[in-house]
Amino acid sequence: MQLNFRQSIQAVIASVLVMFFLVPSDLVAQKHVVSSADLQKEVTAASQSRQQNLKTVQEFLSTPIAEKAMKQAKIDPQQVQAAIPTLNDDELAQLAARANKGKADFAAGDIGQKELIWIILAVAVLVLIIVAVR
């Protein structure tokens, strides 16, 4: 009797070990919620969005009107341009949205050159303040 019980326990342990090593780990492991392809797409989209926002803000602040306005306000345009890439994605997105709105309003005639200059100076000052606070 003792021998049969011991053999039964060994058989159960052996069966568990065999199942543990033979069952594919994919069936046991939890599936990822996000696939690596989806994650790669999101990273690529975020990178492209950042590059577009960076380009928008840099172009907005590099126009002749912008450079003249910054120089008259004693703001170094080169310092502003150098600070733009150090902004995080959210800051860049907000400033790009403001720049796009200012350009669109100016093109539509909703604002004049004076208001556009104020928007340019506000964006330039925000860039410098955000970088200085870090």
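Read-outs throughout are calculated quantities, based only on the coordinates presented, and are distinct from any laboratory measurement. In this text, all values refer to a predicted model and were calculated from it rather than measured experimentally. Note that each Cβ is placed from the backbone with ideal geometry, even for glycine, and that neighbours are counted across all protein chains shown.
Using the Karplus relation 6.51 cos²θ - 1.76 cosθ + 1.60 with θ = phi - 60°, the per-residue 3J(HN,Hα) values for segment 71-85 come to 5, 5, 8, 6, 10, 6, x, 5, 5, 5, 4, 5, 7, 4, x Hz, with x marking Gly and Pro. Counting other Cβ atoms within 10 Å as a rough exposure proxy, the listed residues VAL43, VAL123 run VAL43, VAL123 from fewest neighbours to most. As a length-normalised measure over Cα pairs under 8 Å and 6 or more apart, the relative contact order of the chain settles at 25 percent. The GNM of the chain, with springs linking C-alpha atoms under 10 angstrom apart, assigns the highest mean-square fluctuation among GLN94, GLN40, GLN58 to GLN40. Taking the helices alone, the chain has a mean residue ellipticity at 222 nm of -26000 deg cm²/dmol, built from -39,500 (n - 2.57) per DSSP H run of at least 4 residues and averaged over all its residues.
Phi-derived couplings, Karplus 6.51 cos²θ - 1.76 cosθ + 1.60 at θ = phi - 60°, listed residue by residue for segment 60-68: 4, 8, 10, 5, x, 4, 5, 5, 5 Hz, with x used for Gly and Pro.
For segment 35-47, putting each phi into the Karplus relation 6.51 cos²θ - 1.76 cosθ + 1.60 with θ = phi - 60° gives couplings of 6, 5, 5, 5, 5, 4, 4, 5, 5, 5, 5, 5, 5 Hz, in residue order, rounded to whole numbers and with x for Gly and Pro. Counted residue by residue at 0.36 nm each, then reduced by the alpha carbon distance between them, the extension gain from ALA107 to VAL125 reaches 4.2 nm.
Listed options for Rg/Rh (Cα atoms, Kirkwood Rh) are [x] 0.99; [y] 0.92; [z] 1.56. The value calculated from this structure is the one marked [z]. Between GLN72 and SER36, full extension at 0.36 nm per residue minus the direct alpha carbon distance yields a gain of 7.9 nm.
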